[in-house]
Amino acid sequence: MSEAPALEVSQVSHRFGSRAALSDVSLSVGRGRFVALLGPNGAGKTTLFSVITRLYANQDGRVAIFGHGLDREPSRALARMGVVFQARTLDTDLTVEQNLLYHASLHGIARRIAKARIATLLDRVGLADRRGDKIRTLSGGQSRRIEIARSLIHEPSLLLLDEPTVGLDLESRADIVAIVRALVREEGLSVLWATHIFEEIEAGDDAVVLHRGRIIARGTAGGIAQDGETLEAAFRRLVADPVKQAA
């Protein structure tokens, strides 16, 4: 029997009153894979993340993390996952280490173990020298790197990132992408990366295109593009006629 994927979303739908935010969404993230979830603002990416992370109760469909269903084994499922949400959530009045120690305590990690993990993670994200600095003294890109470190403090095997580079300059964006891709390559981390920035995606990446709560294309990023078009051009083609493309 083959191993379960890192993440499996099966026929998930979600509504806000009469408005359908997600309609019959299915996707998977293979173990050790970087999967891009592409879509403009309002496509449903954040709603999908909220369902996967159980911020929203699952209305229809099923979500499983390494084979553990959110409905039957929520604690085991969520323990395998780390998340970087689009909204910034660090306490700016605390130091880098204080923020990370607090998050570690929420996971029940002993202080001695947490300090050792923090040292390793800050080195991984290139901010070992900022351990005692308050968050408010960091740049936007540095704060994002701390959020990545925080999401890894409990040693998850799946990482979800919702528009992690929005508002950052080109250099900071490149740094964040490089850190996450290195985690996939060197640590075997599984990643679902939600974005509308096409330059962050490589041709060999698995990609899923979400538009108005529906998946309208899936495959490798290079395979979604046709006849030498850029990924951005492919996306615009798909969005222009989503019914035809999904058929």
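Among DSSP beta bridges whose residues both lie in the chain, state the antiparallel percentage, nearest 5. Don't skip to the end; give the middle numbers.
On the way: 21 of 39 bridges.
Antiparallel: roughly 55 percent of the beta bridges in the chain.
Only loop residues by DSSP count here, and only those with at most 16 other Cβ atoms within 10 Å; note down the GluC sites (Glu not before Pro) in the range 192-235 that meet that.
202, 229
With a 10 Å cut-off between alpha carbons and a GNM built on the chain, which of 30, 228, 44 moves the most?
Of the options given, 228 has the highest mean-square fluctuation.
Evaluate the charge dipole of the range 88-155 about its Cα centre and quote only its size in Debye, nearest 20, assuming +1 on the Cβ of each Lys and Arg and -1 on the Cβ of each Asp and Glu.
Working: 13 positive and 8 negative charges, 11 e Å.
The dipole magnitude comes to about 60 debye.
If you line up the Cα atoms of the chain on their principal axes, what length do they span on each, largest first, in Å?
Here the spans come out as 55, 42, 40 Å, largest first.
Given C-alpha coordinates of the range 88-155, what is the ratio Rg to Rh with the Kirkwood estimate of Rh? Each step should come with its number before you reach the end.
Details: Rg = 10.5 Å, Rh = 11.5 Å.
Over the Cα atoms of the range 88-155, Rg/Rh equals 0.92.
Give, rounded to the nearest 20 debye, the magnitude of the charge dipole that the chain has about its Cα centre when Lys and Arg contribute +1 at Cβ and Asp and Glu contribute -1 at Cβ.
720 debye
Suppose only helical runs count, i.e. DSSP H with n ≥ 4. What mean residue ellipticity at 222 nm does that imply for the chain under -39500 (n - 2.57) per run, divided by all residues and rounded to the nearest 500 deg cm²/dmol?
Values: 9 runs with 88 residues, N = 247.
Helix contribution divided over all residues of the chain: -10500 deg cm²/dmol.
So what is the relative contact order of the range 88-155, in percent, for Cα pairs below 8 Å that sit 6 or more residues apart? List each step's numbers first, then the result.
Numbers: 66 pairs, mean separation 31.5, N = 68.
Once normalised by length, the contact order is 46 percent.
What FRET efficiency, computed as 1/(1 + (r/R0)^6) with R0 = 45 Å and r the Cβ-Cβ distance, is obtained for residue 227 and residue 112, rounded to the nearest 0.05? Write down the numbers at each step before the final one.
On the way: r = 58 Å, r/R0 = 1.28.
The calculated FRET efficiency here is 0.20.
For the chain, what is the relative contact order in percent, using Cα pairs closer than 8 Å and at least 6 residues apart in sequence? Intermediate values should be presented prior to the final figure.
On the way: 441 pairs, mean separation 62.9, N = 247.
Averaging sequence separation for qualifying contacts and normalising by length gives 25 percent for the chain.
What distance in nm lies between label points placed 7 Å from Cα along the C-beta direction at residue 19 and residue 75?
3.6 nm
What is the gain in length, in nm to one decimal, between residue 220 and residue 236 on full extension, counting 0.36 nm per residue of separation less the C-alpha to C-alpha distance? Walk me through the numbers on the way to the answer.
On the way: separation 16, 0.36 × 16 = 5.76 nm, distance 1.65 nm.
Answer, rounded to one decimal: 4.1 nm.
Taking 0.36 nm per intervening residue step and subtracting the Cα-Cα distance, what contour gain separates residue 60 from residue 133 on full extension? Mind dumping the intermediate values first?
On the way: separation 73, 0.36 × 73 = 26.28 nm, distance 4.43 nm.
Stretched out fully, the residue 60 to residue 133 stretch lengthens by 21.8 nm.
Set the Förster distance to 30 Å, then compute FRET efficiency between residue 199 and residue 105 from the Cβ-Cβ distance, nearest 0.05. Don't jump to the answer; show the numbers that get you there.
Numbers: r = 37 Å, r/R0 = 1.25.
Taking R0 as 30 Å, the efficiency between residue 199 and residue 105 is 0.20.
Rounded if a/c is under 1.5, else prolate if a/b beats b/c, else oblate: with a ≥ b ≥ c from the C-alpha gyration tensor eigenvalues square-rooted, which is the range 71-214? Walk me through the numbers before you get to the answer.
Numbers: a/c = 1.73, a/b = 1.25, b/c = 1.39.
Note, shape of the range 71-214 comes out oblate.
Every read-out reported here was derived from the displayed coordinates using simple, explicitly stated rules and does not represent laboratory data. Here the structure is a predicted model, which is why all the values come from computation and not from measurement. As a convention, Cβ positions derive from the backbone with ideal geometry for all residues, glycine included, and neighbour counts pool all protein chains shown.
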